[in-house]
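The values are calculated or read from the model by the stated rules, or taken from the named source; none is laboratory data. Note that this is a predicted model, so its numbers are computed, not measured. Positions of Cβ are backbone-derived with ideal geometry, glycine not excepted, and every protein chain shown enters the neighbour counts.
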Amino acid sequence: MKKILIITLIFYSCNLINKEKNNIPENLISEEKMINIIYDMSLISVSKGINKRILENNGMKPKSYILNKHKIDSLQFVKSNEYYSKDLEKYLYIYESVLKRLEINREIIVDSIEYYKKNRAQRSKQIISEEQKNNRLTKPKKPYRSEILKN
(Lines give C-alpha, C1' and ligand atoms only; values in the text may rest on other atoms or scores of the structure.)
Protein backbone atom coordinates (compact mmCIF):
# COMPACT_ATOMS: atom_id res chain seq x y z
CA MET A 1 0.00 0.00 0.00
CA LYS A 2 2.84 2.42 0.85
CA LYS A 3 4.50 1.68 -2.48
CA ILE A 4 1.33 2.49 -4.37
CA LEU A 5 0.94 5.76 -2.45
CA ILE A 6 4.56 6.76 -3.11
CA ILE A 7 4.29 5.92 -6.82
CA THR A 8 1.04 7.88 -7.06
CA LEU A 9 2.63 10.91 -5.37
CA ILE A 10 5.60 10.76 -7.73
CA PHE A 11 3.38 10.66 -10.83
CA TYR A 12 1.18 13.39 -9.44
CA SER A 13 4.16 15.67 -8.71
CA CYS A 14 5.60 15.03 -12.19
CA ASN A 15 2.25 15.91 -13.69
CA LEU A 16 2.18 19.20 -11.75
CA ILE A 17 5.66 20.09 -12.95
CA ASN A 18 4.69 19.46 -16.58
CA LYS A 19 1.50 21.51 -16.21
CA GLU A 20 3.40 24.37 -14.65
CA LYS A 21 5.89 24.30 -17.50
CA ASN A 22 3.21 24.53 -20.19
CA ASN A 23 1.01 27.20 -18.59
CA ILE A 24 0.66 30.02 -21.05
CA PRO A 25 0.06 33.38 -19.35
CA GLU A 26 -3.24 35.09 -20.01
CA ASN A 27 -1.76 38.15 -21.76
CA LEU A 28 1.29 36.55 -23.35
CA ILE A 29 3.40 39.01 -25.30
CA SER A 30 4.29 37.78 -28.78
CA GLU A 31 7.89 36.88 -29.58
CA GLU A 32 8.28 39.80 -31.99
CA LYS A 33 6.95 42.25 -29.43
CA MET A 34 9.28 40.78 -26.79
CA ILE A 35 12.17 41.33 -29.20
CA ASN A 36 11.14 44.98 -29.62
CA ILE A 37 10.73 45.50 -25.87
CA ILE A 38 14.08 43.94 -24.96
CA TYR A 39 15.76 45.87 -27.80
CA ASP A 40 14.35 49.14 -26.44
CA MET A 41 15.42 48.18 -22.93
CA SER A 42 18.96 47.56 -24.19
CA LEU A 43 19.12 50.95 -25.88
CA ILE A 44 17.72 52.72 -22.83
CA SER A 45 20.14 50.97 -20.50
CA VAL A 46 23.09 52.01 -22.67
CA SER A 47 21.92 55.61 -22.94
CA LYS A 48 21.10 55.67 -19.24
CA GLY A 49 24.72 54.87 -18.48
CA ILE A 50 25.99 57.60 -20.77
CA ASN A 51 23.39 60.34 -20.30
CA LYS A 52 21.96 59.51 -16.89
CA ARG A 53 21.90 63.14 -15.80
CA ILE A 54 20.03 64.23 -18.94
CA LEU A 55 17.38 61.54 -18.41
CA GLU A 56 17.00 62.50 -14.76
CA ASN A 57 16.74 66.22 -15.54
CA ASN A 58 13.97 65.56 -18.05
CA GLY A 59 12.11 63.40 -15.53
CA MET A 60 12.18 60.32 -17.74
CA LYS A 61 11.70 56.93 -16.12
CA PRO A 62 13.03 54.38 -18.62
CA LYS A 63 11.00 51.38 -17.43
CA SER A 64 7.67 53.18 -17.45
CA TYR A 65 8.53 54.78 -20.81
CA ILE A 66 9.07 51.37 -22.44
CA LEU A 67 5.97 49.86 -20.86
CA ASN A 68 3.84 52.80 -22.04
CA LYS A 69 5.38 52.72 -25.51
CA HIS A 70 4.48 49.06 -26.00
CA LYS A 71 1.17 49.38 -24.11
CA ILE A 72 1.91 46.64 -21.58
CA ASP A 73 2.18 46.48 -17.81
CA SER A 74 5.11 45.21 -15.76
CA LEU A 75 3.29 42.07 -14.60
CA GLN A 76 2.50 41.10 -18.18
CA PHE A 77 6.16 41.54 -19.12
CA VAL A 78 7.40 39.53 -16.13
CA LYS A 79 4.99 36.64 -16.80
CA SER A 80 5.82 36.60 -20.53
CA ASN A 81 9.54 36.73 -19.83
CA GLU A 82 9.17 33.88 -17.34
CA TYR A 83 7.19 31.84 -19.86
CA TYR A 84 9.78 32.30 -22.62
CA SER A 85 12.65 31.59 -20.24
CA LYS A 86 11.24 28.11 -19.65
CA ASP A 87 11.58 27.34 -23.35
CA LEU A 88 15.29 27.75 -24.03
CA GLU A 89 14.99 27.72 -27.84
CA LYS A 90 12.44 30.54 -27.89
CA TYR A 91 14.40 32.51 -25.32
CA LEU A 92 17.62 32.17 -27.29
CA TYR A 93 15.80 33.15 -30.48
CA ILE A 94 14.51 36.32 -28.79
CA TYR A 95 17.92 37.35 -27.47
CA GLU A 96 19.75 36.45 -30.69
CA SER A 97 17.26 38.59 -32.61
CA VAL A 98 17.87 41.49 -30.22
CA LEU A 99 21.63 41.03 -30.65
CA LYS A 100 21.29 41.07 -34.46
CA ARG A 101 19.27 44.28 -34.32
CA LEU A 102 21.84 45.89 -32.05
CA GLU A 103 24.65 44.86 -34.42
CA ILE A 104 22.76 46.24 -37.43
CA ASN A 105 22.17 49.46 -35.52
CA ARG A 106 25.87 49.64 -34.66
CA GLU A 107 26.86 49.14 -38.31
CA ILE A 108 24.49 51.89 -39.41
CA ILE A 109 25.96 54.29 -36.86
CA VAL A 110 29.55 53.43 -37.78
CA ASP A 111 28.73 53.89 -41.49
CA SER A 112 27.08 57.23 -40.75
CA ILE A 113 30.12 58.42 -38.83
CA GLU A 114 32.47 57.34 -41.63
CA TYR A 115 30.26 59.05 -44.22
CA TYR A 116 30.22 62.23 -42.15
CA LYS A 117 34.02 62.19 -41.75
CA LYS A 118 34.50 61.59 -45.47
CA ASN A 119 32.16 64.41 -46.44
CA ARG A 120 33.72 66.74 -43.89
CA ALA A 121 37.18 66.05 -45.30
CA GLN A 122 35.98 66.64 -48.87
CA ARG A 123 34.23 69.85 -47.85
CA SER A 124 37.39 71.08 -46.11
CA LYS A 125 39.43 70.44 -49.26
CA GLN A 126 36.81 72.24 -51.32
CA ILE A 127 36.85 75.27 -49.02
CA ILE A 128 40.65 75.42 -49.10
CA SER A 129 40.73 75.24 -52.89
CA GLU A 130 38.08 77.99 -53.14
CA GLU A 131 40.09 80.20 -50.81
CA GLN A 132 43.21 79.65 -52.90
CA LYS A 133 41.33 80.61 -56.07
CA ASN A 134 39.98 83.74 -54.43
CA ASN A 135 43.43 84.70 -53.19
CA ARG A 136 44.87 84.33 -56.69
CA LEU A 137 42.20 86.62 -58.10
CA THR A 138 42.73 89.36 -55.54
CA LYS A 139 46.53 89.33 -55.61
CA PRO A 140 48.13 91.40 -58.32
CA LYS A 141 50.14 89.45 -60.83
CA LYS A 142 53.05 91.88 -60.81
CA PRO A 143 54.16 93.88 -57.85
CA TYR A 144 53.71 97.65 -58.01
CA ARG A 145 56.72 99.64 -58.94
CA SER A 146 57.61 102.10 -56.34
CA GLU A 147 58.83 104.61 -58.99
CA ILE A 148 55.37 104.91 -60.51
CA LEU A 149 53.82 105.54 -57.14
CA LYS A 150 56.30 108.25 -56.29
CA ASN A 151 55.33 110.28 -59.35
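Listed by first and then second residue, the pairs linking a residue in the range 71-82 that is surrounded by fewer than 16 Cβ atoms within 10 Å (Cβ to Cβ) to a residue that is part of a helix (DSSP H, G or I), with Cβ atoms under 7 Å apart and 6 or more places separating them unless they lie on different chains, are ASP73/LEU67; SER74/LEU67.
Listed conditions (1) of a type in the set (A, V, I, L, M, F, W, C); (2) modelled with pLDDT under 90; (3) assigned to a loop (DSSP other than H, G, I, E, B) are all met by ILE72, apart from (2).
Of the residues making up the range 96-151, those that are among the hydroxyl-bearing types (Ser, Thr, Tyr) and at pLDDT below 60 are THR138, TYR144, SER146.
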